[in-house]
Amino acid sequence: MRTTVGIIGGGPAGLLLARLLHRAGIACVVLESRTRAHAEGRQRAGMLEQGTVDALRATGAADRLDAEGLVHHGIELRFDGERHRLDFPALTGGRTVTIYAQTEIVKDLVALQLADGPPLLFEAEALAVERPQSETPVVRFRHEGRERTLHCAWVAGCDGSHGVARNAFPDAADGRTYAHDYPYSWLGVTAEVPPSCDELIYARHARGFALHSMRSPHVSRLYLQVPRGTSLRDWPDERIWDELAARFAVDADWSLRRGPITARSVTRMRSVVHEPMRHGRLVLAGDAAHIVPPTGAKGLNLAVSDVRILARAFAELHDRGSTRLLDGYSDLCLRRVWQATRFSYDMTRMLHAQPDGDAFDHRMQLARLRRITASRHAAAELAANYTGLPLSP
Ligand code: FAD
Ligand code: DHB
């Protein structure tokens, strides 16, 4: 097989990149290691920045998003038994966010690509990227029991945090991985019950962090901070609901609606950034290049901003023969990636109970939260980061 851009990974990053390239008249092929049902069913992100929504609209992949997405004008911070709302449009000059599940974005992009897009192969597992520094890089992959090769002009590694594209980067002096581990995980559940709130609630409690999100007017999505290494076996439904209710409790009249839990998982929390994001003719985008803890809801949005920048760079090469944007791709993305890494780190540290935390840590967290709820400047800074910083600084 031959193509211009070989895309490894059919998650949000790979699928959106394929769509953008297709619309720019650039040939590509997407290799996805899992089945279609698996790729479409993975419960993950749900909060989309305006720029993410705009990018999906620009590719014609937003019909259902526009019909079913929930536009949110703020979030609530809960701590010390109090509720504080942040009004995003008022704090950011009109910006909002949209709740629409990553599973649905993937379904929408897969449907479009199978209907009129470039080839998308499921159960096609990339094994290695070879000769990334030559003009003829190759992706070796396994499909239908056979080993095959995809000859490309460029390779885009959109294969997430456990992919293989990164392995083709040398451990050269100018390449580095920066990582930070958090000593806790998130237990996430989806429940067939209408959300108990109109907007997302981020709750800081001495027992640990809790987040109330949603998937639709009938389906709630909730998260609990749990110790690292937690097993789902220790968390029967009753315990999950009791713990959520305790962490969301406020002095005012409010109660948590309970319902059948349909999905549950435990996610480790970490920050990772690989630098640089390009090696020869191999470029990385999305979780393949960086991971953030989910507290700031930045992972999916960063993956989308990477591929928007990358698609523009490929279009400039295709239309004008210039590699100027491709040459600047890594630096431009990383500037934004580090801002999102900082924001996710700050949100995580501010809202989670430290397992070994002392009274001083606790007071520092409350002081940060009180500053945000008391100062318009501090609130506006959080709102600007949450709703999404500009694509280029
Ligand atoms: P992925 O979604 O991981 O896609 C990579 C794809 O590559 C996968 O389909 C995989 O099967 C495939 N692949 C891997 N290896 C190979 C191979 N060798 N060959 C071929 N294919 C391969 N982000 C937000 O913005 N907002 C949120 O609210 C949010 N909440 C989250 C909550 C949870 C619980 C979790 C776990 C994550 C959350 N995120 C959130 C993060 C977000 O889900 C990821 O950042 C996003 O999925 C990144 O997209 P991606 O396409 O880069 O990677
Ligand atoms: C969701 C997840 C997040 O990490 C977040 O900060 C907001 C929303 C969600 O899955 O809906």
So, relative contact order of segment 54-111 in percent, Cα under 8 Å, 6 or more apart, is 34 percent
Can you give the accessible area per residue of segment 204-293, in Å², using a 1.4 Å probe?
43 Å²
Taking the Cβ of ASP181 as the centre, find all other residues whose Cβ is under 15 Å away and add up their charges (Lys, Arg: +1; Asp, Glu: -1).
+3
Shape descriptors of the chain over alpha-carbon atoms, Rg and Dmax in angstrom, are 21.3, 65
Please provide three numbers in whole Å: the alpha-carbon extents of segment 248-360 along the principal axes, with the largest listed first.
62, 37, 25
With every protein chain in place, what's the accessible area of THR323 (1.4 Å probe, Å², nearest 10)?
50 Å²
Less than 14 Å Cβ to Cβ from GLU135, Lys/Arg counted +1 and Asp/Glu -1: what total charge do the surrounding residues give?
+2
Which order, highest average first, do 331-344, 74-87 follow once you tally other Cβ atoms within 10 Å for each residue and take the mean per peptide?
331-344, 74-87
Sparse-neighbourhood loop hits (GluC sites (Glu not before Pro), segment 146-234; DSSP loop; Cβ within 10 Å at most 12 others) -> GLU192
When the Cα atoms of segment 352-391 are enclosed in a convex hull and the volume is divided per residue, what value in Å³ results?
80 Å³
Lys and Arg at +1, Asp and Glu at -1: neighbours of TYR345 with Cβ under 14 Å from its Cβ sum to +3
State, as an integer percentage, the relative contact order of segment 1-95 based on alpha-carbon contacts under 8 Å between residues 6 or more apart.
18 percent
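The values are calculated or read from the model by the stated rules, or taken from the named source; none is laboratory data. Bear in mind that the values here come from a model prediction, so they are computed numbers and not experimental data. Counting neighbours? That spans all protein chains shown, and the Cβs are built from the backbone with ideal geometry, glycine included. Ligands, DNA and RNA are stripped out before the accessible areas are found, and what is left, the full protein with its side chains, is counted by its heavy atoms. Shrake-Rupley method; radii C 1.70, N 1.55, O 1.52, S 1.80 Å.
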